[in-house]
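A quick write-up on the structure given underneath.
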Amino acid sequence: MKKLCFSLAGLFTILCYGQGPNLDKDYEKIESKVIEWRHDIHQNPELSNREFKTAEKIAKHLKSLGIAVQTGVAHTGVVGVLKGNNPGKVVALRADIDALPVTERNDLPFKSEVTSEFLGEQVGVMHACGHDTHTAILMGVAEVLANNKDKINGTVKFIFQPAEEGPPPGEEGGALLMVKEGVLKSPDVDAIFGLHINSETPVGVIRYKAGGTMAAAQSFTIKVKGKQSHGSQPWSGVDPILISAKIIDGLQTIISRESELTNEAAVITVGKIKSGVRFNIIPESAEMIGTIRTLDYGMKDHINKRMKEMVATIAKAYGGEATCEIKDATDITYNDPKLVDQMLPTLNRVAGSDNVQLQKAITGAEDFSYFQREVPGFFFFLGGMTPGTKESFPHHTPDFLIDDAGMQLGVKAMTELTLDYLSAK
Ligand SMILES: [Zn+2]
Ligand SMILES: [Zn+2]
């Protein structure tokens with residue numbers, strides 16, 4: 001009876017989600033290698049735009065699989081192109097490869113002891129965002145796919161991307177530079193997939209959201225000009241500090257009164273304000289800097305436009321002048337809803353539908369967005385927390401920890417998303 005139940009469940013899965021390419025033996029064989037690669041990369045982390053050794057290891061591996069390799073893309077990026085036995089579309093798979101200036105506190109046999117110079121300071125270096133797992137997973141996917149070219153109806157492009165955490169000041173880098181250098185061209189990419197391991201999601205679980213998934217990050221600088229006067233005689237000057245206070249207040253009403261927050265979240269934060277030198281002087285000017293986070297292109301445009309208008313008009317109302325300059329840092333990580341619909345059956349099949357969970361949008365940012373601005377893309381989150389763990393530590397912290405067991409589902413998901421996408425009629 002038990003056996004029958006299992007086979008009925010299996011039949012149900014096949015009917016609902018289609019039959020996969022049956023690569024179980026390949027996945028079994030690759031798991032220990034993926035873990036080994038991850039440990040090696042974890043123990044030898046490199047900062048953004050300095051991923052020289054990591055890139056070498058990736059390129060060597062891809063070449064050993066007979067994959068055409070291009071190195072030095074966006075400084076240290078590695079791109080591999082694998083042609084299947086049958087013609088078809090082009091899928092890109094992306095893994096980011098950089099580490100962070102964080103000193104590891106975990107007691108692991110493959111703990112990082114690496115130090116490096118960062119902005120003139122000596123710092124510990126750690127894969128504190130889990131990009132070591134992304135790299136190892138994609139190396140594993142490359143090997144599985146290279147061994148199954150007969151199942152590939154098209155071409156797969158492997159994008160190993162440097163500097164996701166942002167290039168050092170004064171340097172270009174990351175996804176934006178890769179796109180600029182033509183990584184999505186010749187062969188032209190039809191769709192792109194990416195994942196992020198998550199230290200607070202249990203192993204075996206995949207989380208996703210269609211549409212705006214991670215926010216566009218923008219920074220702004222507001223310069224307020226008043227007129228200096230004695231602190232005892234405000235009527236003879238124009239107070240830029242008072243104007244700044246009114247501006248901060250006004251900006252928050254763009255979120256609370258003008259943004260349709262049931263559509264998507266949006267954030268304006270003033271993070272720094274600088275003005276004045278002495279208790280009895282009304283200063284000449286004030287400067288504020290901050291960040292804007294949006295998950296919808298319409299809302300982003302509206303907020304940007306209204307911030308500029310409001311800053312200028314509020315200052316004018318109080319007799320001063322002000323400007324607001326806005327700079328893009330990262331675009332919206334926008335999961336193409338059609339592509340998500342199309343590929344969900346694949347994720348349900350590889351993870352089990354109970355383990356594929358909808359999630360809320362994240363107001364943090366990810367530069368995978370620059371690929372998605374060019375071609376339809378799907379970026380999802382992969383569980384990396386040991387099930388039953390009482391305490392998990394967030395990304396970018398010294399105690400950040402990922403369970404090796406989480407990577408296997410990443411290999412399966414990326415492999416089968418690729419094969420299913422390329423097989424779709
Ligand atoms: Zn990160
Ligand atoms: Zn990350």
What's the FRET efficiency of residue 262 with residue 390 using the Cβ-Cβ distance as r and R₀ = 30 Å, to the nearest 0.05?
-> 0.30
How large is ³J(HN,Hα), in whole Hz, for each residue of region 393-404 in order, when computed from phi with the Karplus curve 6.51 cos²θ - 1.76 cosθ + 1.60 and θ = phi - 60°, using x for Gly and Pro?
-> 10, x, 4, 6, 10, x, 9, 3, 9, 10, 7, 3
Which Rg and Dmax, in Å, describe the Cα atoms of region 20-87?
-> 14.3, 40
Lys pairs, region 28-131 - Cα-Cα below 22 angstrom, 8 or more residues apart or on other chains = 14
Note the full-extension length gain between residue 227 and residue 354 as 0.36 nm times their separation in residues minus their Cα-Cα distance, in nm to one decimal.
-> 39.4 nm
With charges set only on the Cβ (+1 for Lys and Arg, -1 for Asp and Glu), what does the dipole of the chain come to about its Cα centre, in debye to the nearest 20?
-> 760
A correct Karplus calculation of ³J(HN,Hα) over region 103-117, with 6.51 cos²θ - 1.76 cosθ + 1.60, θ = phi - 60°, whole Hz and x for Gly and Pro, returns 8, 5, 10, 6, 9, 10, x, 10, 4, 7, 10, 6, 10, 7, 8
Rounded to the nearest 500, what is the 222 nm mean residue ellipticity of the chain from helices alone, with -39500 (n - 2.57) per DSSP H run of 4+ residues and division by all residues?
-> -11500 deg cm²/dmol
Which of these, 115, 389, 135, has the largest mean-square fluctuation under a Gaussian network model of the chain (Cα springs below 10 Å)?
-> 389
With the chain treated as a Gaussian network of Cα nodes joined by springs under 10 Å, which of 55, 315, 92 yields the largest mean-square fluctuation?
-> 315
Interchain or long-range residues, amide H under 5 Å from residue 114's placed H | 125
To the nearest 10 degrees, how steeply does helix 131-146 sit against the main Cα axis of the chain, on a 0 to 90 scale?
-> 30
When all Cα-Cα pair distances of the chain are considered, the percent exceeding 34 Å is 39
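Local charge sum around residue 207 (other residues, Cβ-Cβ under 12 Å, Lys/Arg +1, Asp/Glu -1)?
+1
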Which ³J(HN,Hα) values in Hz, rounded to whole numbers, follow from the phi angles of region 49-57 under the Karplus curve 6.51 cos²θ - 1.76 cosθ + 1.60, where θ = phi - 60° and Gly and Pro get x?
-> 6, 10, 7, 5, 6, 4, 4, 4, 4
What is the distance in Å between the Cα centres of region 131-151 and region 285-346?
-> 37
Listed residues 242, 347, 295, most fluctuating in the chain (Gaussian network, C-alpha, under 10 Å) | 242
What's the local net charge at residue 343, with K and R +1, D and E -1, over the other residues with C-beta under 10 Å away?
-> -3
Label-point gap, in nm, between residue 425 and residue 338 - each point 7 angstrom along Cα→Cβ | 1.8
Amide H to amide H under 5 Å from residue 290: which residues, 5+ apart in sequence or cross-chain, H placed 1.01 Å off N in plane?
-> 220, 271
Helix 407-423: inclination vs the chain longest Cα principal axis, degrees, rounded to 10, gives 80
What residues qualify as long-range amide H neighbours of residue 192, i.e. H under 5 Å apart, gap of 5 or more or another chain, H built at 1.01 Å from N?
-> 92, 377, 378
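How much length is gained if the chain between residue 147 and residue 19 is pulled fully straight, taking 0.36 nm per residue apart and subtracting their Cα-Cα distance, in nm to one decimal?
The residue 147-residue 19 span can extend by a further 44.1 nm.
Once you list every other residue whose beta carbon is under 15 Å from the beta carbon of residue 409, what net charge do they have if Lys and Arg are +1 and Asp and Glu are -1?
-4
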Toy charge model, Lys and Arg Cβ at +1, Asp and Glu Cβ at -1: region 33-119 dipole around Cα centroid in debye, rounded to 20, equals 540
Hey, if you put +1 on the Cβ of every Lys and Arg and -1 on every Asp and Glu Cβ in the chain, which of 222, 187, 263 ends up farthest toward the positive end of that dipole?
-> 263
Hey, rough spin-label estimate for residue 325 and residue 108, points 7 angstrom out along Cα→Cβ, what's it come to in nanometres?
-> 4.1
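A short reminder: the numbers here are calculations on the coordinates, not readings from a lab. Small disclaimer: the values here were computed from a predicted structure and weren't measured. When we count neighbours, we look across all protein chains shown, and the Cβ atoms used for this are built from the backbone with ideal geometry, even at glycine.
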